Amino acid sequence: MFASIASWQSGELTQKQWCYQQTEVKKRPETFVTEEQVKVIQAKDWLTLKEVALLLNVSPLTLRRWTLSGKIASRKIGRKHLYDRSQLLETGLSL
């Protein structure tokens, strides 16, 4: 699993190799959305960027690019983009 410090000190491993072996890569857990949460999101009239991205199965960055390029209309309230559900349905996006 992990190399002992003796292997580094004895010259078997360089310091960089030893440090790399000691580092654990931590990944973010996958986020799962339940059907109940999707139904709650679908019932709203105004949706956040994350909610729309989830329903369209695209990344939030892609949705932000579409918004800035004018493909999808949004209202900016403070620092947040809010999307009107009826406008999204008019543009032909299936929610």
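Just need log10 I(q)/I(0) for segment 35-90 at q = 0.13 Å⁻¹, Debye formula, equal scatterers on the alpha-carbon atoms, no solvent, rounded to two decimals. For segment 35-90 at q = 0.13 Å⁻¹, log10 I(q)/I(0) is -0.29.
For segment 45-62, backbone phi angles converted through the Karplus equation (6.51, -1.76, 1.60; θ = phi - 60°) give residue-by-residue couplings of 8, 10, 10, 7, 4, 5, 5, 5, 4, 5, 5, 8, 6, 10, 6, x, 5, 4 Hz, Gly and Pro being listed as x.
For the pair ARG79 and GLU35 in one chain, pulling the backbone fully straight at 0.36 nm per residue adds 13.0 nm over the alpha carbon distance.
Given R₀ = 22 Å, FRET efficiency for SER86-THR48 by Cβ-Cβ distance, to 0.05?
On the way: r = 16 Å, r/R0 = 0.73.
Computed FRET efficiency for SER86 and THR48: 0.85.
Amide H contacts under 5 Å for HIS81: LEU49, restricted to partners 5 or more places along the chain or on a different chain, H placed in the peptide plane at 1.01 Å from N. With the charge dipole of segment 35-90 set up from +1 on Lys and Arg Cβ and -1 on Asp and Glu Cβ about the Cα centre, the Cα lying farthest toward the positive end among the listed residues LEU68, TYR83, ALA53 is that of LEU68.
No lab work stands behind these numbers, since they all come straight from the coordinates. Here the structure is a predicted model, which means the values were calculated and not measured. Neighbour counts run over all protein chains shown; Cβ positions are idealised from the backbone, glycine included.
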